[in-house]
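The values are calculated or read from the model by the stated rules, or taken from the named source; none is laboratory data. All of these numbers come straight from a predicted model, not from anything done at the bench. Here the Cβ is made from the backbone with ideal geometry for all residues, glycine too, and neighbour counts use every protein chain on show. Accessible surface areas use protein heavy atoms only, side chains included; no ligands, DNA or RNA. Shrake-Rupley method; radii C 1.70, N 1.55, O 1.52, S 1.80 Å.
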Amino acid sequence: MQTPKRPGRPSTIENASDSILQEAARLFAVTGYDGASISQISDALGITKPAIYHYFPSKRAIYDEIILRMLDGLYETVSTKVTELPPGRRQLRQFMLSHAAFLEENFWGFAAMLVGFGGMDDVETKAEAVVIRDRYEALLRRIICDAMAVGELRDVDVVTTGRAILSMLNWMARWFRPGGAQSAAEIAETYFTLIADGITQPPEPSTTAGA
């Protein structure tokens, strides 16, 4: 009678949890949540499915962790940068450039976050994500309000302006790819100019004959 094999230990890789999240983010961003599977993630990493389940109980848990890490990392990175500057246009510019740089440095995770946020179904995890998201939006609104208060931006609807800025920056994940002709921060610099200065060419001063 053949002795049954004992189950082996799950395959291990260095920094396994981070590696799983990075590969899963790429798959989720490319194929969507439903299009990616644990088998695809394990095959791409060259490990077993049990190895993945050793770190994460489900595909949904992997996706939720990506979203939370991206939101938390974005807030911490951008808030640290902007608080180094005094209130005004420079803070708004730094917010936009730092947001774009974070997007580029964490491209697949950021893209996965955008397509997956609305699909979070764990109540507690989604509530945590909403808290971080709202805190980030509040940071931007405060920056806009402060710039208005010091006279460097005209009075605007703060909520609408904040949403417009975030839409411009976040939408980059749909078409931008790292390594292109422009960095994400360079694109954000153009966006800042559009937001802060507009696109209307001021009229040339008229001259009076004989003056």
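Structural remarks
- Between 0 and 90°, nearest 10: helix 107-116 axis offset from the chain longest Cα axis: 90 degrees
- For the chain, the alpha-carbon radius of gyration amounts to 1.35 times the rule-of-thumb value 2.2 N^0.38 Å expected for a compact globular protein.
- Computed over protein heavy atoms with a 1.4 Å probe, the accessible surface of the stretch 26-148 works out to 46 Å² per residue.
- Rounded FRET efficiency, nearest 0.05, which uses the C-beta distance separating residue 31 from residue 155 and R0 of 41 Å: 0.35
- For residue 105, net neighbour charge (Lys/Arg +1, Asp/Glu -1) across residues whose Cβ lies under 15 Å away: -1
- Helix 89-105 and the longest principal axis of the C-alpha atoms of the chain enclose an angle of approximately 30°.
- Protein heavy-atom surface of the stretch 44-145, 1.4 angstrom probe: 53% of the accessible area is carbon and sulfur, with nucleic acids and ligands not counted.
- The stretch 122-144 and the stretch 21-96 have Cα centres separated by 16 Å.
- The chain: angle of helix 16-31 to the longest principal axis, Cα-based, in degrees nearest 10: 70 degrees
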